[in-house]
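Okay, so here's the structure we're looking at.
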Amino acid sequence: VLQNLSQTPVLREVLKEAKIPGTTVKIESPELCMLCCFSFKQEPQLIKLDQPGPLTLAMHQFVTEMQETKKGVVTPKELFAQVCKKAIRFKGYQQQDSHELLRYLLDGMRAEE
């Protein structure tokens, strides 16, 4: 899940800009436009970003580390700690479904907006 998220261009762009509070991000996704009917032009979305919360900052740090080619192994300790604060069910290292992690991670970052 985390590897897939780290390779999502729109998410990387928003996380990169999220470090600067009050920034407005223009999202134009060619991938989404290709799915639309050719007669319908999809307008870009403008998103005004507030001060990022701790989960968003941890996700930004993780994605940045994943993009660095010099790093061999990336351990998402801080991101996991922040997820556990939002969803206590992940504490204790019990086995969880990856879609649950995805849901809690994205919902947690959205709640910080």
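The values are calculated or read from the model by the stated rules, or taken from the named source; none is laboratory data. In this text the structure is predicted, and so the values were computed from the model without any measurement. So basically every Cβ, Gly included, is an ideal-geometry build from the backbone, and we count neighbours across all protein chains shown. Ligands, DNA and RNA are excluded from the accessible area calculation, which covers all protein heavy atoms including side chains. Shrake-Rupley method; radii C 1.70, N 1.55, O 1.52, S 1.80 Å.
What the table shows:
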| read-out | value |
| --- | --- |
| Residues (at pLDDT 75 or above and in a loop (DSSP other than H, G, I, E, B)) located in segment 45-69 | Gln51, Pro52, Gly53, Glu68 |
| Qualifying residue in segment 46-54 (condition: free of Cβ contacts under 8 Å to residues at least 24 places away in the same chain and open to solvent by 40 Å² or more (accessible area, probe 1.4 Å)) | yes |
| Residue satisfying all of: in segment 67-92; touching a residue at least 24 places away in the same chain (Cβ under 8 Å) and within 16 Å of Ala18 (Cβ to Cβ); nearest to the chain's Cα centre (by Cα) among these | Leu79 |
| Extreme residue, modelled with the lowest pLDDT, among residues of segment 13-26 that are of a type outside the set (A, V, I, L, M, F, W, C), part of a helix (DSSP H, G or I) and closer than 12 Å to Leu57 by Cα | Glu17 |
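Conditions (1) exposed (fewer than 14 other Cβ atoms within 10 Å of the Cβ); (2) at pLDDT 90 or above, marked per residue:
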{"residue": "Val73", "(1), (2)": "yes, no"}
{"residue": "Lys77", "(1), (2)": "yes, yes"}
{"residue": "Ala81", "(1), (2)": "no, yes"}
{"residue": "Arg89", "(1), (2)": "yes, no"}
{"residue": "Gly92", "(1), (2)": "yes, no"}
{"residue": "Glu100", "(1), (2)": "yes, no"}
{"residue": "Met109", "(1), (2)": "no, no"}
